[in-house]
1. Sort largest first and round to whole Å: the equivalent ellipsoid semi-axes of the chain, each the square root of five times a Cα gyration tensor eigenvalue.
2. Once the Cβ-Cβ distance between THR42 and ILE5 is put in as r, and R0 is 25 Å, what FRET efficiency do you end up with, to the nearest 0.05?
3. Which of the helices in the chain meet the span-like rule: DSSP H, Cα axial reach of 30 Å or more, Kyte-Doolittle mean at least -0.5?
4. If I compute solvent accessible area with a 1.4 Å probe over the protein chains, what percent of it on the chain is carbon and sulfur?
5. Keeping all protein chains in place, calculate the accessible area per residue for the chain (probe 1.4 angstrom), answer in Å².
6. Which value in deg cm²/dmol, rounded to the nearest 500, describes the helix-derived mean residue ellipticity at 222 nm for the chain, given -39,500 (n - 2.57) per DSSP H run of n ≥ 4 and division by the residue count?
Amino acid sequence: MQAVIYNIPIFGWMLREAAEGTVAAKLLFVINCLLLWALAITFFGFPAIIIPALAAVAGMFALLIVLSWPYLDD
């Protein structure tokens, strides 16, 4: 699956560098993601802020369910 993702023409090399590269490459990948989000906010406005927040709510809800599931250690 990794080879398929790394062979995507535009994003493959960036994802490979983020996963296997130096600390500077990982930091620059995070900065690029934040700048892409800021650009989306500039173009689309309020929905570009709300949609990631709603996705984070669903992720945190799932995390809380997993953490509070009884007998998880068995």
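1. Values: eigenvalues 159, 101, 28 Å².
That gives 28, 22, 12 Å for the three semi-axes.
2. The computed FRET efficiency comes out at 0.35.
3. Span-like helices here: 23-44, 46-68.
4. Numbers: 5090 of 6450 Å².
Carbon and sulfur together cover 79 percent of it.
5. Computed with neighbouring chains in place, this is 87 Å² per residue.
6. Working: 4 runs with 59 residues, N = 74.
Value at 222 nm, helices only: -26000 deg cm²/dmol.
The values are calculated or read from the model by the stated rules, or taken from the named source; none is laboratory data. Everything numeric here is computed off the predicted structure, so don't read it as measured data. Note that each Cβ is placed from the backbone with ideal geometry, even for glycine, and that neighbours are counted across all protein chains shown. Quick note on the areas: whole protein, heavy atoms, side chains included, nothing else; ligands and nucleic acids left out. Shrake-Rupley method; radii C 1.70, N 1.55, O 1.52, S 1.80 Å.
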